[in-house]
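Accompanying notes for the structure given below.
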Amino acid sequence: MIGQQLGNINGKVSLSGNKPAGDVSVTLKGTKYSDVTSVSGHYEIKNIKPGTYTILLKGVGIQPIEESIVVSSKQTTIKNFMLSESQEDLEEVVIKKNKYKQDKPSLSLRLQTPVLEIPQNIQIVSAQTLKDQQITSMSDGVIRNVSGAVRLEHWGDLYTNITMRGSQIQAFRNGFNVVSSFWGPLTEDMSFVDHIEFVKGPAGFMLSSGDPSGLYNVVTKKPTGVTKGEVSVLGGSYDFYRVSVDFDGKLDKKGKLLYRFNGAAQNKGSHRQFERNNRYVIAPVLSYQIDDKTKITAEYNFQYANMTEVGSYYVFGPAAGGYATLPVGFTMTQPGLPDTNIQDHSGYLQFEHKFDENWKLSAQTSYFKYIQQGYSSWPGVVGPGPADRDFDGVPEGNLAYGDIIRNVGIWDAESNMYLGQVFVNGKFNTGNVTHKILAGIDLGSKDYMADWGQSHDLDTVDNPFNVYNPNYGTPSNGFPQFDHDTPLSQRAGGLYGSEYAAGYIQDELGFFENKMRLTLAARYTWISQTSSYEAEPIEDSHITPRAGLSYSITDDFAVYGLYDQAFTPQSGVVRNGDIKPLTGNNVEFGIKKDWFDGSWNTSLSVYNILKKNELTADPNNQPNEQYKIVLGEKRARGVEFDLRGKIFDGLNLIANYAFTESTVTKIDPDVSQANGIKVGDIVPGYAKHTANAWLNYTLQNGKLKGLGASIGGTFLDGRQTDTWSAGLERLPSYFKLDGGLSYETGKFKVTANVFNILDKYLYSGSYYSWLNAYYWQTEAPRNFRVGVTYKL
């Protein structure tokens, strides 16, 4: 009965030019009643006791505003505000005051709750972070900004393949899962990327048919309605040259039709001879505001890569020698091999409609097309010892220490993905309880096919390649002559496909004036998978629940707990037994706090992830075998700490630490003990300790105003290899130190960074028992980049 006597306030906060002002705090002074304006500038405060209040507006870059307001029983008072600041002015202020911290997830993450209040560990790498660190692609140092993220298998600059919480996480772009095979997608060029969101854990609001360790969501640049642009030129070590452009504006006087265009061209060499990775990118976006409630956005991204064959960055050495026994710039690649070419197309069409201030419908569809024509390299035999290759016809012989028979295989591939989403965000009250609803459906169809069936030995047993006395002339066995002309569908040996449909609903219930938030959700997923290993498609369906609790001890201090599940069907060939879907669950607890009026934020989380029935490569595989085993159950658990934001004017810091442990907890009865895996064994593919920091200071006053300096480091310890065959030598601890200087004046900014300042021999690698050899992949010695940006 008391709730029926309460009143409400709502309204819109706008900037000059009638642009919405998002992220503005609206508070009834001296009370706990408050809200934060949405992207559309709207706010709403409900269940207020009748009376006269002072309403207070605060936000980054605006002067606080106070006005008197009367709240009447059982009535809604509408109060709008018009600010004199422009969006462009506010963006500049945000960058200067808080350039490394973002408080809200993107629309593509579907949530309408501030990061502080979400019962999950979500870390956002801001656009300014990417610029300051001169990051040019998704595989170029992004992970230093997120706790526990590593790339133990680098895959060059081709695929990102990030490991977190003990497993490889899923890759998303604008809210779509863009993984069509183990290797993809092509790493995103940063020219069209606005920011990147890392979601730790299963994240049932985004997917359930994925790895329970989490995902990263690349959010691309969209039109802002502010006419602006910039041109950047970047140069550096090893023939690195790059130019990129970003144009943003409107195509009509009313500002309903907006555009954004990003493009880049890059020439990139390597510290390894004969190696290159050149990129070309175009990314146009158009958006049309049909009316105050409806908007349509169309986007196209195209990336073209011209690069040395996949695997050129791998170096192999005899088992007796161990890791890193060759110069940091050594290469096994063969000059004269044709380039590998990749075309990566993605198109999006997005529809947004606000029914009212409480309900919004979002729908988007996308098409991804990936085309690759090229090669991969991998040794067939590593000496010393007999070159017994009976399985593929190479005659036997003896190889001396350091002798290698290099093999080149074809890698032509094509992938198509058709993806669609429709979801609704809504708000309503039942008495004193608030509700934030998320409900929707996901649909998708993916296929991937590849030709790996053609291979050629570059060297012979009588005239092998020796890593200690390399000869890069014409190989003794000549160059390959592969068939690229027959349609790929007729020669593909690797076939993967999936179709899925999912429906989900989530309710975030707010109690005690939203101080306590209970999230209850469930997701139903049906999926069908095909592969070259299975005669018939594998179909399965599953309901995955989600429950989270978040409590605000104060307005800037929250604690949370979470239980979430994931599942995914699996395909492969096992020697005995059946293949079951992989299932996983995550139990997590955390603390989040904003400091000094939200200038910087810290988060601390602990988690325990169980994965059951996971397929993994059979350690007893021979080179030509693809058998897998059902592991049984493995557990990943750990602690993560993240800090980011403005410590004081001019000083910004990103720092994080993670402890990760992943072990085998159960062995499936059908798995033979001959595989050598037992309970308690360490699961490969992660680092036990990871720590990162990036500190940036910019002078705020004086003659040198605008001069900045940065320093940052990455430390890894307890690194596990990528294979169950760990070998006799462990990967050593890793430490990399980077730093730079910058100067901004007027429309110009100059940034110079030095990477691997200590000039250390840095590498990752693994041991392969079937080759009786170690492989490693080196990072560049001390190198630099210098860039100039001009704002139009």
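The values are calculated or read from the model by the stated rules, or taken from the named source; none is laboratory data. Keep in mind it's a predicted model, so treat the numbers as computed, not measured. Cβ: placed from backbone, ideal geometry, glycine included. Neighbour counts: every protein chain shown.
Being assigned to a strand (DSSP E or B) and either in contact with a helix residue (DSSP H, G or I) (Cβ under 7 Å, 6 or more places away or on another chain) or aromatic (F, W, Y) (or both) is the filter here, so list the residues in region 158-192 that pass it.
We begin by selecting, within region 158-192, every residue assigned to a strand (DSSP E or B); these are 159, 163-164, 167-168, 170-173, 176-177, 186, 189.
If the condition is that a residue be assigned to a strand (DSSP E or B) and either in contact with a helix residue (DSSP H, G or I) (Cβ under 7 Å, 6 or more places away or on another chain) or aromatic (F, W, Y) (or both), then Y159, F172, F176 are the ones that fit.
Any idea which residue in region 167-191 is nearest to G787 (Cα to Cα), counting only those that are at pLDDT below 90 and more than 13 Å from the chain's Cα centre (by Cα)?
Among those that are at pLDDT below 90 and more than 13 Å from the chain's Cα centre (by Cα), it is W183.
Determine which member of the set L758, L731, L716, L737 is within 30 Å of L631 (Cα to Cα) and either assigned to a strand (DSSP E or B) or free of Cβ contacts under 8 Å to residues at least 40 places away in the same chain (or both).
Details: L758 fails: within 30 Å of L631 (Cα to Cα); L731 fails: either assigned to a strand (DSSP E or B) or free of Cβ contacts under 8 Å to residues at least 40 places away in the same chain (or both); L737 fails: within 30 Å of L631 (Cα to Cα).
The match here is L716.
Go through region 61-74 and give me each residue that's out of contact with any Asp or Glu (no Cβ under 7 Å at 6 or more places or on another chain) and in a loop (DSSP other than H, G, I, E, B).
Selection gives Q63, P64, S72, S73, K74.
Quick grid of which residues meet (1) surrounded by fewer than 14 Cβ atoms within 10 Å (Cβ to Cβ); (2) closer than 26 Å to T365 by Cβ:
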residue	(1), (2)
N471	yes, no
A502	no, yes
L520	no, no
H542	no, yes
I553	yes, no
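So, in region 692-743, how many residues would count as being surrounded by fewer than 16 Cβ atoms within 10 Å (Cβ to Cβ) and under 20 Å from I143 (Cα atoms)?
Number satisfying all stated conditions: 5.
Within region 711-728, which residues are touching a Gly at 6+ places or on another chain (Cβ under 6 Å) and among the acidic types (D, E)?
Within region 711-728, just D722 meets the criteria.
Please state which one of Y763, Y790, Y774 is over 23 Å from the mean Cα position of the chain (by Cα), under 22 Å from Q134 (Cα atoms) and among the aromatic types (F, W, Y). Before the answer, list the steps.
Details: Y763 fails: over 23 Å from the mean Cα position of the chain (by Cα); Y774 fails: under 22 Å from Q134 (Cα atoms).
Result of the check over Y763, Y790, Y774: Y790.
Conditions tested, residue by residue: (1) touching a Phe, Trp or Tyr at 6+ places or on another chain (Cβ under 9 Å); (2) among the small types (G, A, S).
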{"site": "D681", "(1), (2)": "yes, no"}
{"site": "Y686", "(1), (2)": "no, no"}
{"site": "H689", "(1), (2)": "yes, no"}
{"site": "G708", "(1), (2)": "yes, yes"}
{"site": "T721", "(1), (2)": "yes, no"}
{"site": "S742", "(1), (2)": "no, yes"}
{"site": "K749", "(1), (2)": "yes, no"}
{"site": "L762", "(1), (2)": "yes, no"}
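State whether the residues of region 239-247 include one that is charged (D, E, K, R) and at positive phi.
Within region 239-247, one or more residues are charged (D, E, K, R) and at positive phi.
Take the residues in region 763-787 that are part of a strand (DSSP E or B) and hydrophobic (A, V, I, L, M, F, W, C), then tell me which one is nearest to L716 (Cα to Cα).
To start, the set of residues in region 763-787 that are part of a strand (DSSP E or B) comprises 763-768, 773-778, 783-787.
Going one step further and asking which of them are hydrophobic (A, V, I, L, M, F, W, C), we end up with 773, 776, 784, 786.
Working: A773: 24, W776: 16, F784: 22, V786: 27 Å.
Filtering first and then ranking leaves W776.
It is to be established whether one or more residues within region 710-723 are more than 24 Å from the chain's Cα centre (by Cα) and either aliphatic (A, V, I, L, M) or within 17 Å of T163 (Cβ to Cβ) (or both).
no
Residue-by-condition table, conditions (1) under 23 Å from I609 (Cβ atoms); (2) modelled with pLDDT under 90:
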residue: I122; (1), (2): yes, no
residue: A127; (1), (2): no, no
residue: L130; (1), (2): no, no
residue: S147; (1), (2): yes, no
residue: H154; (1), (2): no, yes
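Against the definition (more than 22 Å from A687 (Cβ to Cβ), touching a residue at least 40 places away in the same chain (Cβ under 8 Å), among the β-branched types (V, I, T) and not in a strand (DSSP E or B)), how does V219 come out, yes or no?
On the way: more than 22 Å from A687 (Cβ to Cβ): yes; touching a residue at least 40 places away in the same chain (Cβ under 8 Å): yes; among the β-branched types (V, I, T): yes; not in a strand (DSSP E or B): no.
No.
Is it the case, given these coordinates, that S455 is among the polar types (S, T, N, Q), surrounded by 15 or more Cβ atoms within 10 Å (Cβ to Cβ) and within 30 Å of G440 (Cβ to Cβ)?
No: the conditions fail for S455.
Check region 641-648 and report whether any residue there is surrounded by fewer than 17 Cβ atoms within 10 Å (Cβ to Cβ) and of a type outside the set (D, E, K, R).
yes
Just to be sure before I move on: is G249 of a type outside the set (S, T, Y), under 26 Å from S106 (Cβ atoms) and either at pLDDT below 95 or in a loop (DSSP other than H, G, I, E, B) (or both) in the structure I sent?
Yes: the conditions hold for G249.
Considering I143, I135, which residue is part of a loop (DSSP other than H, G, I, E, B) and modelled with pLDDT of 90 or more? Talk me through it step by step, then tell me what you get.
Numbers: I143 fails: part of a loop (DSSP other than H, G, I, E, B).
Selected residue: I135, the only one of I143, I135 that is part of a loop (DSSP other than H, G, I, E, B) and modelled with pLDDT of 90 or more.
Name the residue that is farthest from K646 (Cα to Cα), counting only residues in region 675-713 that are part of a loop (DSSP other than H, G, I, E, B) and among the basic types (K, R).
Keep residues of region 675-713 that are part of a loop (DSSP other than H, G, I, E, B), which gives 676-681, 683-686, 699-706.
Now narrow it down to the ones that are among the basic types (K, R): 678, 703, 705.
Numbers: K678: 47, K703: 23, K705: 18 Å.
My answer is K678.
Every residue, every condition in (1) without any contact (Cβ under 8 Å) to a residue 24 or more places away in the chain; (2) surrounded by fewer than 24 Cβ atoms within 10 Å (Cβ to Cβ); (3) touching a helix residue (DSSP H, G or I) at 6+ places or on another chain (Cβ under 8 Å), yes or no:
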| residue | (1), (2), (3) |
| --- | --- |
| Q112 | no, yes, no |
| L116 | no, yes, no |
| Q120 | no, no, no |
| V125 | no, no, yes |
| Q128 | no, yes, yes |
| K131 | no, yes, no |
| S139 | no, yes, no |
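Can you tell me which residues in region 249-273 are more than 22 Å from the chain's Cα centre (by Cα), buried (at least 17 other Cβ atoms within 10 Å of the Cβ) and hydrophobic (A, V, I, L, M, F, W, C)?
Within region 249-273, L258, F261 qualify.
Looking at the structure I just gave you, is L762 within 23 Å of F330 (Cα to Cα), in contact with a strand residue (DSSP E or B) (Cβ under 7 Å, 6 or more places away or on another chain) and of a type in the set (A, V, I, L, M, F, W, C)?
Taking the combined requirement at face value, the residue satisfies it.
Would region 762-780 turn up any residue that is free of Cβ contacts under 8 Å to residues at least 12 places away in the same chain and either under 29 Å from S232 (Cβ atoms) or out of contact with any helix residue (DSSP H, G or I) (no Cβ under 7 Å at 6 or more places or on another chain) (or both)?
Among the residues of region 762-780, not one is free of Cβ contacts under 8 Å to residues at least 12 places away in the same chain and either under 29 Å from S232 (Cβ atoms) or out of contact with any helix residue (DSSP H, G or I) (no Cβ under 7 Å at 6 or more places or on another chain) (or both), which makes the answer no.
May I ask you to list the residues in region 423-451 that are without any contact (Cβ under 8 Å) to a residue 60 or more places away in the chain, in contact with a strand residue (DSSP E or B) (Cβ under 7 Å, 6 or more places away or on another chain) and not small (G, A, S)?
If the condition is that a residue be without any contact (Cβ under 8 Å) to a residue 60 or more places away in the chain, in contact with a strand residue (DSSP E or B) (Cβ under 7 Å, 6 or more places away or on another chain) and not small (G, A, S), then L443, M449, D451 are the ones that fit.
If the Cβ limit is 6 Å and pairs must be 6+ apart or interchain, which residue in region 42-53 that is part of a loop (DSSP other than H, G, I, E, B) pairs with which residue that is crowded, with 17+ Cβ neighbours inside 10 Å?
If the second residue must be crowded, with 17+ Cβ neighbours inside 10 Å, the pairs left are P50/G7; P50/V71.
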